[in-house]
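Chemist: Below is one structure. I have some questions about it.
The values are calculated or read from the model by the stated rules, or taken from the named source; none is laboratory data. All of these numbers come straight from a predicted model, not from anything done at the bench. So basically every Cβ, Gly included, is an ideal-geometry build from the backbone, and we count neighbours across all protein chains shown.
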Amino acid sequence: MSLRNKLCSLLALTLVLFSSNLLAVQPGEFGDTVSEGGGVWLTVLFWTVIIVLIGQGLVILGRVLQVYELSTEAAGTKKRIPWNAINASLFLIMLVVGLYFTFWEVKVHGALTLPAAPSEHGKNWDAMFTATLIITMFVFVVTHILLLGFAFKYRKKKGSKAFFYPHNDRLEIIWTSVPAVVLTLLVVFGYVNWNRMTNPAKQAEDPIVVEVVGRQFNWLVRYPGSDGELGPRDYKLITSANTLGVDFTTQTSHDDLMPTEIVLPVGKPVKLILGSLDVIHSAYIPTLRVQMNTVPGMPTFFYFTPTMTTDEMRAKTGNPEFEHLLYCNKICGTAHYNMAIKVRILSEPDYQQWLREQQPVYSDDMKEQLQSAQSGEVGISPENKSLALNY
Amino acid sequence: MATIATHEPTGLHDNLAHTPDGHHHKETFLTKYVFSQDHKMIAKQFLITGMVMGIIGMGLSLLFRIQLAYPDQTFPFLEALLGRFAEGGRISPSFYLALVTIHGTIMVFFLLTAGLSGTFANLLIPLQIGARDMASPFMNMLSFWFFFVACLVMLGSFFIEAGPASSGWTVYPPLSALPQAIPGSGLGMTFWLISIFLFIISQVLGGINYISTVLNMRTQGMTMTKMPLTTWALFLTAVLGLLSFPVLVSAVVLLIFDRSFGTSFYLSDIFIGGQALPNTGGSPILYQHLFWFLGHPEVYIVIMPTFGIVSEVLSVNARKPIFGYRAMIMSMMAIAGLSFIVWAHHMFVSGMNPFLGGVFMITTLIIAVPSAVKAFNYIATLWRGNINFTPQMLFAIGMVSFFISGGLTGIWVGNAALDINLHDTYFVIAHFHLVMGSAAVFGMFAGIYHWFPKMYGRLMSKRSGYLHFWLTFVAAYLVFFPMHFLGLDGVPRRYYEFTAFGMFEEWIEVNKLITIAAIVGGAAQLIFIYNFFRSIFWGERATQNPWKSNTLEWTTPVERLHGNWPGDIPHVHRWPYDYSKPGAEDDFIPQTVPYSETISSNVPYDFGFHGDAEGFTHEFYKGNKEERTPAKD
Ligand code: HEM
Ligand SMILES: [Cu+2]
Ligand SMILES: [Cu+2]
């Protein structure tokens, strides 16, 4: 005990001596390596000392409580620290504080979440979100009132005895069937929506087709051009010029567009054809409630219809910088966090205007490059894979 | 106070596979502590190894939490600690991914699968069913050593030049298959695969043992419906593991083939590093099916043992029978069965046929029903109890709270349509850290506090336990609750920083809150570690049955003999939950007490009699009308 105390004061002394030094050390001030190494160990020492001191404090506190208990016992008052009542009360406090915290969270952090979806299926998503939130919140609150409330109410008291109550078939049937019914409702609701959102047979005719292809670490976009048909592509044809490996020997590929962002008209059904050149990525536009993985070797699809232009969203959210972004949402490598592309929703006339401005990839330039690549002059070198944003 | 006298077995029960027949007299340090074949020692080996892994896993998470909360500050100590992985005091993006990968792997497999099942199945199955040891003590020892080597290999991958595996704990190919895709997919991934392979061997060896022990070595009178829920849970867990881990083997083996032998099980049409790979015809989705066929049962492998632990702890400390014993068993069986047909809910937006998504949504939401039943039964167990707030009771109540919170968000992500926008966001992180990272861990803590006396013959300090619980409880909610809202804002998981596009910048403040709460929560674990190791040597000595519990393990002497009981193995006469039975002397009646000694408290239900008590007769009640309907208060 005494040795420990001595040790403790020694630590405290070191702490006082070093702390003035330490507090002065700012990140970035570590000029030369010597002071850097020293600074690091000082920091480590500092925190070790702090932790040991706190621990020591706790141990001493524990001792004091023990001594107190022993002395009251010796004095015959039999007044031990009522840990049972303390813990029970803490559960009650936890219940109140916890419920407050929950509503605070919903209010404060909930306000930071996504705005209402400007897409057809997104509205269904939002409705389902609200229904699920209400149901689960209700269950959350009720069960916690019961759980923590019972913990407080039925704490051990002098002379109290528990009620022998091993089972009640009727009660159990009730609380099996009520969740079953509620979940059935949610399943039906969810199933109908899921079907509507993803079943290809249920989608609108003649959607605008956009191909989005992920690779480490950016997205490539392709529009079918005036013929409305995407040219075929083959990963073996990929070169630094022909990043998607489009087969330009076919006529349908000659008018394909490859813009650097995704632009869509409002109110028109869209079919995203998703692909990947290397590993799995995931095309995720949270603001539009869109997500589908992109899988090498297998095309995937997502259908949706935007209902508001980006400008309208800016006005509605009061955020002049609002943008839809398509993120990568499947771990795909070192720069996974830095792989997004802008999605702009325009009014129909603006969209047509934008479309007119786009040049097909199969330009004279491209032709030349392809020819030279074929003759082997330009080896297939990796595309620029810098981490730069692609918008 | 182990005296040799109590050591000497007298009559031995005939169902033993293993008897304490004196060979422990020659026990050396090596056979006693290292290559031990005693189930209690192996349990402690699993526990301590699991705890060490858990601490490491937690340390890794604190490292990446620092990166998330302070993305543009430098921390020189990181460079001192991690060297080339954190040049200039900032964790590198690829090492960030390595951290989350190894954190997830360690926590899910090494702490919450091996550390949890390994500890409690080994410790409790023989003790609670009345067996001298496991069916095969030797296989049991092998199980631990395979696990131990798996841990070493996994940790060893930190010393590889390019760093450990970094494709997430689910290691989806092609990312995990192609070394050119990410540095960690080189040698680091090979280590990961070897480690997991060893780990699966360990699980299968252990699982076979647990199952055969439960099925064959129960003492006389211990029918399946008199088994404590803990044993039931551990038994069903072992069944799940035995059926699902081999499927992970196939996933891993095919991945090894793709990586090293040029096959194309998972690879197709890939252009990477400026090169078109020759592989065609493979499917990355195949891997996901195989992985999640294990992966979903795996999450129940993690939570199920804690169902058992918590059932026991709640009942003992509320001094009440667990509510709905049979419903508890049935719901666990339902969960175990259903957990095999829900795996593709992890793949709603993987690109698989949307029709499948619909089917798996239905099965997934069905599994929420038995889960709900469990939660309600726990609450009903507390109702009108006489609750004694030991640390294990606090943790058990905390477990129920987290299980409810996390289970409810399961309903969100289990809904395929909602999952479109929630998949792979922080919402999923919140979901599974509440059910796994909090509920299962709390269940494990409850088990440790409760059965510590059975492992070390001493008690852990209660006051430290209280502090440990309250700090951890509050910290865990502060860490994981706000994450739901990040997810609802569409913040993807596994992002090195949120500042790349400016869209998620508002969450950095929240990240700071989370990180600080995580550090506090981490510090609270130091209290636990201190308490644990101090109590091993200096804790208050335990009595034989410190919690006044009914189950068989508390009939063994405090000294923890090889072979468990000095004399005959006790016989079992009743279910394990006769707490506060009206008419009984004490507020508990151990399983070893025959009904003939408790005439005053018997009820017709004890004999499986459901009907009108008036019409009930039994040999104990020879014509005595008074005693026929006892217990009416
Ligand atoms: C009420 C029952 C539950 C349901 C309906 C449910 C449903 C789901 C679903 C649908 C997902 C996939 C989410 C996504 O990736 O988008 C998921 C993820 C997960 N769940 Fe649950 N869950 C339940 C309980 C549990 C329990 C008890 C545990 C573990 C103890 C657990 C652990 C996990 C884990 C670890 C993941 C994430 C895996 C990953 O992507 O890394 N869940 N859950
Ligand atoms: Cu990615
Ligand atoms: Cu699952």
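Yes/no matrix, rows are residues, columns are (1) within 16 Å of ligand 2 (Cβ to nearest atom); (2) surrounded by fewer than 24 Cβ atoms within 10 Å (Cβ to Cβ); (3) not aliphatic (A, V, I, L, M):
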{"position": "B:I411", "(1), (2), (3)": "no, no, no"}
{"position": "B:H423", "(1), (2), (3)": "yes, no, yes"}
{"position": "B:G447", "(1), (2), (3)": "no, no, yes"}
{"position": "B:H450", "(1), (2), (3)": "no, no, yes"}
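Chemist: A follow-up question, please. Of (1) assigned to a strand (DSSP E or B); (2) within 16 Å of ligand 2 (Cβ to nearest atom), A:D278 satisfies all except one. Which?
Modeler: (1)
Chemist: Could we say that A:V188 is assigned to a helix (DSSP H, G or I), at the interface with chain B (Cβ under 10 Å from one of its Cβ atoms) and within 28 Å of the chain's Cα centre (by Cα) here?
Modeler: Values: assigned to a helix (DSSP H, G or I): yes; at the interface with chain B (Cβ under 10 Å from one of its Cβ atoms): yes; within 28 Å of the chain's Cα centre (by Cα): yes.
Judged against the criteria, A:V188 is a match.
Chemist: Could we say that A:F164 is within 26 Å of B:P576 (Cα to Cα), within 7 Å of chain B (Cβ to nearest Cβ) and touching a Lys or Arg at 6+ places or on another chain (Cβ under 7 Å) here? Steps first, please.
Modeler: Working: within 26 Å of B:P576 (Cα to Cα): yes; within 7 Å of chain B (Cβ to nearest Cβ): yes; touching a Lys or Arg at 6+ places or on another chain (Cβ under 7 Å): yes.
For A:F164, the condition - within 26 Å of B:P576 (Cα to Cα), within 7 Å of chain B (Cβ to nearest Cβ) and touching a Lys or Arg at 6+ places or on another chain (Cβ under 7 Å) - is met.
Chemist: Would you tally the residues in the stretch B:82-109 being within 12 Å of chain A (Cβ to nearest Cβ) and under 29 Å from the mean Cα position of the chain (by Cα)?
Modeler: Here the count works out to 7.
Chemist: Read through the list (1) away from chain B (no Cβ under 13 Å); (2) in contact with a Ser or Thr (Cβ under 8 Å, 6 or more places away or on another chain), then give the number of the only condition that A:T294 fails.
Modeler: Of the numbered conditions (1) away from chain B (no Cβ under 13 Å); (2) in contact with a Ser or Thr (Cβ under 8 Å, 6 or more places away or on another chain), the odd one out for A:T294 is (1).
Chemist: Among A:W125, A:W175, which is the only one that is in a helix (DSSP H, G or I) and over 20 Å from B:V369 (Cβ atoms)?
Modeler: On the way: A:W175 fails: over 20 Å from B:V369 (Cβ atoms).
A:W125 is the lone residue from the list that is in a helix (DSSP H, G or I) and over 20 Å from B:V369 (Cβ atoms).
Chemist: Write out, first by first residue and then by second, each pair whose Cβ atoms fall under 6 Å of each other, whose residues are 6+ apart or on separate chains, and whose first residue, in the stretch B:541-567, is outside any strand (DSSP E or B) while the second is small (G, A, S) and crowded, with 21+ Cβ neighbours inside 10 Å.
Modeler: B:L552/B:G130
Chemist: May I pose another question? For A:G333, only one of the following conditions fails: (1) surrounded by fewer than 21 Cβ atoms within 10 Å (Cβ to Cβ); (2) out of contact with any strand residue (DSSP E or B) (no Cβ under 9 Å at 6 or more places or on another chain); (3) within 7 Å of chain B (Cβ to nearest Cβ). What is its number?
Modeler: In the conditions (1) surrounded by fewer than 21 Cβ atoms within 10 Å (Cβ to Cβ); (2) out of contact with any strand residue (DSSP E or B) (no Cβ under 9 Å at 6 or more places or on another chain); (3) within 7 Å of chain B (Cβ to nearest Cβ), A:G333 misses (1) alone.
Chemist: Of (1) surrounded by fewer than 24 Cβ atoms within 10 Å (Cβ to Cβ); (2) within 16 Å of ligand 3 (Cβ to nearest atom); (3) more than 21 Å from the chain's Cα centre (by Cα), B:A368 satisfies all except one. Which?
Modeler: Only one criterion is unmet by B:A368, namely (3).
Chemist: Could you look through the stretch B:391-416, keep only residues that are facing chain A (nearest Cβ under 9 Å) and among the polar types (S, T, N, Q), and pick out the one that is farthest from ligand 3 (Cβ to nearest atom)?
Modeler: If we take residues in the stretch B:391-416 being facing chain A (nearest Cβ under 9 Å) and among the polar types (S, T, N, Q), then B:S401 is farthest from ligand 3 (Cβ to nearest atom).
Chemist: Please list, ordered by residue number, the helices (runs of 4 or more DSSP H) wholly in the stretch B:35-136 having 3 or more residues that are over 22 Å from B:S212 (Cβ atoms). Outline the logic, then answer.
Modeler: Details: elements: B:39-69, B:76-82, B:93-105, B:119-129.
By residue number, B:39-69, B:76-82, B:93-105.
Chemist: I'd like to check something: does the stretch A:301-314 contain any residue that is within 18 Å of B:I272 (Cα to Cα) and part of a loop (DSSP other than H, G, I, E, B)?
Modeler: Looking only at the stretch A:301-314, we keep the residues that are within 18 Å of B:I272 (Cα to Cα), and these are none.
For the stretch A:301-314, residues within 18 Å of B:I272 (Cα to Cα) and part of a loop (DSSP other than H, G, I, E, B): absent.
Chemist: For the structure I just gave you, tell me whether B:M134 is surrounded by fewer than 24 Cβ atoms within 10 Å (Cβ to Cβ), touching a residue at least 24 places away in the same chain (Cβ under 8 Å) and not aromatic (F, W, Y).
Modeler: Details: surrounded by fewer than 24 Cβ atoms within 10 Å (Cβ to Cβ): no; touching a residue at least 24 places away in the same chain (Cβ under 8 Å): yes; not aromatic (F, W, Y): yes.
Judged against the criteria, B:M134 is not a match.
Chemist: Specify which of the listed residues (B:I397, B:I387, B:I309) is crowded, with 23+ Cβ neighbours inside 10 Å, at pLDDT below 95, farther than 29 Å from A:V188 by Cα and assigned by TED's automatic domain parsing to the domain that holds B:F473.
Modeler: Details: B:I397 fails: at pLDDT below 95; B:I309 fails: at pLDDT below 95.
Criteria check complete, one pass: B:I387.
Chemist: From the list A:V187, A:V178, which one is crowded, with 20+ Cβ neighbours inside 10 Å, β-branched (V, I, T) and without any contact (Cβ under 8 Å) to a residue 40 or more places away in the chain?
Modeler: Working: A:V178 fails: crowded, with 20+ Cβ neighbours inside 10 Å.
That would be A:V187, the only listed residue that is crowded, with 20+ Cβ neighbours inside 10 Å, β-branched (V, I, T) and without any contact (Cβ under 8 Å) to a residue 40 or more places away in the chain.
Every residue, every condition in (1) within 16 Å of ligand 3 (Cβ to nearest atom); (2) away from chain A (no Cβ under 12 Å); (3) part of a helix (DSSP H, G or I), yes or no:
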residue	(1), (2), (3)
B:G308	no, yes, yes
B:S315	no, no, yes
B:K320	no, no, no
B:A334	yes, no, yes
B:G337	yes, yes, yes
B:I341	yes, yes, no
B:A344	yes, yes, yes
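Chemist: Applying the selection to the stretch A:341-369, what residues are without any contact (Cβ under 8 Å) to a residue 60 or more places away in the chain and not in a helix (DSSP H, G or I)?
Modeler: A:S363
Chemist: Among the candidates B:Y300, B:Y266, which residue alone is in a loop (DSSP other than H, G, I, E, B) and in contact (Cβ under 8 Å) with a residue 24 or more places away in the chain? Don't jump to the end; show me each part of the working.
Modeler: Values: B:Y300 fails: in a loop (DSSP other than H, G, I, E, B).
Every option except B:Y266 fails the conditions.
To keep it simple, each residue is scored yes or no on (1) within 16 Å of ligand 2 (Cβ to nearest atom); (2) in contact (Cβ under 8 Å) with a residue 40 or more places away in the chain; (3) not assigned by TED's automatic domain parsing to the domain that holds B:M333.
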site	(1), (2), (3)
B:V247	no, yes, no
B:A251	no, yes, no
B:F261	no, no, no
B:I272	yes, yes, no
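Chemist: Before we move on, is B:G281 small (G, A, S) and either within 13 Å of chain A (Cβ to nearest Cβ) or touching a Phe, Trp or Tyr at 6+ places or on another chain (Cβ under 6 Å) (or both)?
Modeler: Details: small (G, A, S): yes; either within 13 Å of chain A (Cβ to nearest Cβ) or touching a Phe, Trp or Tyr at 6+ places or on another chain (Cβ under 6 Å) (or both): yes.
When the stated conditions are applied, B:G281 passes them.
Chemist: To continue, here is another question. Quick check on my filter: what residues within the stretch B:67-81 are buried (at least 20 other Cβ atoms within 10 Å of the Cβ) and within 14 Å of A:V44 (Cβ to Cβ)? Steps first, please.
Modeler: Taking the stretch B:67-81 first, the residues buried (at least 20 other Cβ atoms within 10 Å of the Cβ) are B:67-68, B:75-76, B:78-79.
Those that are buried (at least 20 other Cβ atoms within 10 Å of the Cβ) and within 14 Å of A:V44 (Cβ to Cβ): B:F75, B:P76, B:L78, B:E79.
Chemist: Can you name the helices (runs of 4 or more DSSP H) wholly within the stretch A:1-120 that have at least 3 residues being at pLDDT 80 or above and crowded, with 16+ Cβ neighbours inside 10 Å?
Modeler: Hits in the stretch A:1-120: A:33-74, A:83-108.
Chemist: While we're here: Has the stretch B:372-380 got at least one residue that is touching a residue at least 40 places away in the same chain (Cβ under 8 Å), polar (S, T, N, Q) and either outside the structural domain of B:M436 (by TED's automatic domain parsing) or not in a helix (DSSP H, G or I) (or both)? If you could, list the steps in order and put the result at the bottom.
Modeler: Just the residues of the stretch B:372-380 that are touching a residue at least 40 places away in the same chain (Cβ under 8 Å), to begin with: B:373-374, B:377-378, B:380.
Among the residues that remain, those that are also polar (S, T, N, Q) are: B:377.
This time we only want the ones that are either outside the structural domain of B:M436 (by TED's automatic domain parsing) or not in a helix (DSSP H, G or I) (or both), so: none.
No, the stretch B:372-380 contains no residue that is touching a residue at least 40 places away in the same chain (Cβ under 8 Å), polar (S, T, N, Q) and either outside the structural domain of B:M436 (by TED's automatic domain parsing) or not in a helix (DSSP H, G or I) (or both).
Chemist: Next question, about the same structure. In the set B:F191, B:F146, which member is within 19 Å of B:S260 (Cα to Cα) and either more than 14 Å from every other protein chain (Cβ to nearest Cβ) or within 16 Å of ligand 1 (Cβ to nearest atom) (or both)?
Modeler: Details: B:F146 fails: within 19 Å of B:S260 (Cα to Cα).
Exactly one of B:F191, B:F146 is within 19 Å of B:S260 (Cα to Cα) and either more than 14 Å from every other protein chain (Cβ to nearest Cβ) or within 16 Å of ligand 1 (Cβ to nearest atom) (or both), namely B:F191.
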